[in-house]
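Visitor: Sharing a structure with you now.
The values are calculated or read from the model by the stated rules, or taken from the named source; none is laboratory data. Computed from a predicted structure; not experimentally measured. Cβ placement follows ideal geometry from the backbone for every residue including glycine, while neighbour counts extend to all protein chains displayed. The area values use the complete protein model at the heavy-atom level, side chains included, leaving out ligands, DNA and RNA. Shrake-Rupley method; radii C 1.70, N 1.55, O 1.52, S 1.80 Å.
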Amino acid sequence: MLVHKFSASLIVIPLVLSAFTHLWNAAGFPELHPDESDYLRKSIHYLKGLGPQETSNDPIAYRNYPYTHPYFGQLFLAGLLGAVGYPNSLHPTPDVQSIEMLHLVPRVIMGILAVVDTFLIYKISERRYNKNVALIASVLFAVMPMTWILRRIYLDTLLMPLLLSSILFAIYIRRPKNNNVQQWPRININKNLLVLLSGIFLGLAIYTKIPAFTMIPVVGYLVVSNSNSNRKKTLALWLIPVILIPLLWPAYAFSIGHGDLWLDWVLWQTGRHKPLVISLTNFFEMDPVIMIIGIIGLLYSVFRKDLFIFLWIIPFLIFSYFIGWVQYFHLIPIFPAFCIGGALLIESSSTKIKNKKVSLLVPVMLACGIAIFGFTATSLLITKDVNSGQFAIYSSIARNLASPTNANNTGITIIGSHWWDWNSYWITQYVLNEKHDVIDPHFDPQFRQEIKTKKVLFIDDEKFLSRIARDLRGQNIMQIKSLHNDSTIVGTYLDNVTKYDNGQYPYNIMSIMVLNENHPVGEVQLRRNY
C-alpha cells in the first residue's frame with residue numbers, strides 16, 4: 001500500500017519542477033518577442049469587442065495580408081485573460097512597474113499551461129508505456145533547456161495542451177491490458193465520446209495554427225489502432241471535427257467577402273524563406289542533449305515497431321522542409337515527442353544488463369544525470385533579467401504619447417524600429433488608449449507611407465538609423481530625415497539582452513535568440529519634435 005501511494009505521487013515531481021522552470025521570473029526571461037505582442041494585440045482587440053479579425057487599415061497589421069493565422073489561439077488567450085479581468089484589473093498606467101505587470105500576467109498563464117502540458121505528457125507516457133517512461137519523459141520536458149520557449153506567448157505554445165489532450169483521449173480509447181496502470185479517468189466514458197473529444201481537440205489545435213494538421217497521422221494512428229471494431233466508422237467520427245473546425249477560418253473570410261485576401265495570405269506564407277535546417281541547428285545549439293537522445297529514441301522506437309514517436313515527428317518535419325519558413329520555436333509541437341523518445345531510450349538501457357541491481361541502477365543514474373544537467377542549464381537562464389530595459393523603453397513611449405504637450409490630442413506618429421513600435425503598440429493603443437499612427441520600415445521599407453500628423457516620436461536604434469541612412473529618394477523619406485534632424489532627445493536607454501553571454505553554454509543561447517529574431521542591441525533613444 002505504501003509503495004502504491006509513493007508510485008501514485010511520482011507525478012508531483014515533474015509538476016513541481018515544471019512550475020519552477022516555467023513560472024519563476026516569468027516577465028524577466030526570455031526576451032520579449034514581437035510575435036508575443038502580435039498575439040496579445042489580437043486577443044485584446046477581441047476583448048475590446050472589435051471582433052477576431054483586424055482590418056488592413058490597422059497601422060501595425062500586415063496591410064496586404066491581414067489573415068496571418070486562424071482565430072482560436074487569440075480567442076483562447078482572450079478567454080484566459082478575460083477570466084482574470086485583464087487588463088483593467090491591473091489598473092494600467094504608463095509607469096515601468098505597470099508595463100511589467102501587463103507582460104507578467106499572460107506569461108504566468110503560459111507557465112500554467114506548460115505545467116498542464118507536463119501533466120498530459122506524464123499521463124500519455126504512463127498509459128502508452130509505463131510509469132518509468134512517464135516520469136522520465138515529463139521530467140525531461142520540465143527541465144531541459146528547450147523548455148524555456150514555452151514561457152513565451154506563441155501560437156505553438158497555446159496549441160500544445162490541445163494537441164496533447166487529443167493524443168491522450170485517443171490513447172484512452174483502449175482499456176489498458178496491464179491492471180497495474182492507474183485508471184484515469186476512473187469513470188467509464190463511452191468510446192465514441194473519447195473519439196469525438198480527440199477529434200475536437202485536434203481540430204482546435206489546427207484552428208490555432210495550420211501546421212498542426214501534420215499531427216493527423218499520429219492521432220489518427222492511435223484512434224484506429226486503439227479501436228477494436230468498426231475502425232472505419234470510428235475514424236470517420238474522429239475526422240468530422242478535425243476537418244470542420246479549422247474550416248471555420250476560411251468560411252468566415254469568404255462570408256465577409258475576404259476570400260481573395262485569405263488566399264493571398266496562404267500564398268504569402270509559403271513565399272517566405274527560412275529553411276528547416278537552420279531551425280534544427282538552433283534546436284541542437286540550444287538543447288543538444290535532448291535532440292541526441294530524442295533522435296536515438298526515435299530510431300529505437302521504430303526498431304521495436306512502435307510508430308507513435310515516428311508519426312509524431314516525421315510528418316511535421318517533412319511539411320516544415322517543404323513550407324520553407326521555419327523558426328526555431330515552430331519546433332515546439334515535436335518537443336514532447338523528443339522527450340518521450342529519450343525516456344524510452346533511457347528506460348530500455350537496462351534490458352541487456354544481466355545483473356539485476358545494476359540494471360535497475362543504470363536508467364536511474366542516466367535519468368538523474370540528464371535531468372540535473374537540464375535543470376542546472378535552465379535555471380541559469382531563467383533567473384536572468386533581460387527585459388527591464390525593454391519595459392523602460394515601452395514606458396517612455398507611452399509617457400511621451402500621453403505628454404502634456406499633446407493635450408489637444410492632435411495626433412502623433414511613431415517612426416522607428418519594428419522591434420519597439422510593434423511590441424508596444426498593443427499597450428499604447430488598446431490598453432492605455434493612446435491613439436497614434438505608426439510608420440514602420442519593416443512593413444514600409446521604401447517609406448512610401450505619408451506622415452499624417454505634425455507631431456512625430458522617433459525610436460532610434462542601430463537598425464532604424466541604418467535604414468534612414470540609406471540612399472533613398474522620395475518626398476516622405478526626405479521629410480522623415482528633416483523631422484528627425486529637428487527633433488530633440490527625450491530619453492536614452494540601454495537594451496542589451498546578450499549582456500550575460502560569455503560564450504559559454506547555456507548563456508550563448510541569448511545570442512542565438514538575438515541573431516534569429518533581428519533584435520537590435522545597444523543604445524535606444526527616443527526623440528520627438530513636440
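Visitor: Multiplying the sequence separation of Ser348 and Leu299 by 0.36 nm and subtracting their Cα-Cα distance, what value in nm do you get?
Guide: 16.4 nm
Visitor: Along the Cα→Cβ direction, 7 angstrom out, place labels at Thr55 and Glu462. What is the inter-label distance in nm?
Guide: Roughly 4.0 nm, to one decimal.
Visitor: Kirkwood Rh over alpha-carbon pairs of the chain, then Stokes-Einstein at 10 °C and 1.306 mPa s: what D in µm² s⁻¹, rounded to an integer?
Guide: 64 µm²/s
Visitor: At 7 Å along the Cα-to-beta-carbon direction for both Asp264 and Gln479, put a label point, then send me their distance in nm to one decimal.
Guide: My value for the distance between the label points is 2.4 nm.
Visitor: Give me the extension gain from Ser89 to Asn529: residue separation times 0.36 nm, minus the current Cα-Cα distance, reported in nm with one decimal.
Guide: Full extension of this stretch gives 154.9 nm more.
Visitor: While we're looking at this one, here's another question. If the cut-off is 26 Å between C-alpha atoms, which lysines fall inside it for Lys209, apart from same-chain ones fewer than 8 positions away?
Guide: Excluding near neighbours in sequence, the set is Lys42, Lys48, Lys123, Lys274.
Visitor: Applying 1/(1 + (r/R0)^6) with R0 = 60 Å to the Cβ-Cβ distance of Ala251 and Ile489, what FRET efficiency is obtained, to the nearest 0.05?
Guide: Using R0 = 60 Å, I get an efficiency of 0.75.
Visitor: Can I ask one more? Counting pairwise Cα distances across segment 384-530, what percent come out greater than 21 angstrom?
Guide: The answer is 45 percent, as a whole percent.
Visitor: Grab the Cα-Cα distance for Thr453 and Ser359, subtract it from 0.36 nm times how many residues apart they are, and report the gain in nm with one decimal.
Guide: Value of the extension gain: 26.4 nm.
Visitor: Next question, about the same structure. Specify whether the C-alpha gyration tensor of segment 487-530 places it in the rounded, prolate or oblate class, a ≥ b ≥ c being the square roots of the eigenvalues: rounded for a/c under 1.5, otherwise prolate if a/b is larger than b/c and oblate if not.
Guide: Prolate, because a/c is 1.5 or more and a/b exceeds b/c.
Visitor: Using a 1.4 Å probe over the heavy atoms of the protein chains, calculate the carbon and sulfur portion of the accessible area of the chain as a whole percent.
Guide: 63 percent
Visitor: Residues in segment 213-249, backbone N under 20 Å from the label point at Arg175 (7 Å along the Cα-to-beta-carbon vector): list them, ranges by number please.
Guide: 223-231, 234
Visitor: Would you mind putting 362-368, 284-290 in packing order, based on average other-beta-carbon counts within 10 Å, highest first?
Guide: 284-290, 362-368
Visitor: Can you work out the accessible area per residue across the chain, with the rest of the protein chains kept in place, probe 1.4 Å, in square angstrom?
Guide: 42 Å²
Visitor: What is segment 196-334 by shape, rounded, prolate or oblate, if you read a ≥ b ≥ c off the alpha carbon gyration tensor as root eigenvalues and call it rounded for a/c under 1.5, prolate for a/b larger than b/c, and oblate otherwise?
Guide: Oblate, since a/c reaches 1.5 and b/c is not below a/b.
Visitor: For Arg470, project a label point 7 Å along Cα to C-beta. Then give me every residue of segment 505-524 with its amide nitrogen under 18 Å of that point.
Guide: 518-520
Visitor: Now a separate question. For helix 356-382, what angle does its Cα long axis make with the longest principal axis of the chain, in degrees from 0 to 90 and rounded to 10?
Guide: So the inclination is approximately 10 degrees.
Visitor: Sum -39500 (n - 2.57) across every DSSP H segment of at least 4 residues in the chain, then divide by the residue count to get the 222 nm mean residue ellipticity, nearest 500.
Guide: Calculated mean residue ellipticity at 222 nm is -18500 deg cm²/dmol.
Visitor: On the full set of protein chains, 1.4 Å probe, figure out the accessible area of Ile11 and give it in Å² to the nearest 10.
Guide: Counting only protein heavy atoms, the figure is 30 Å².
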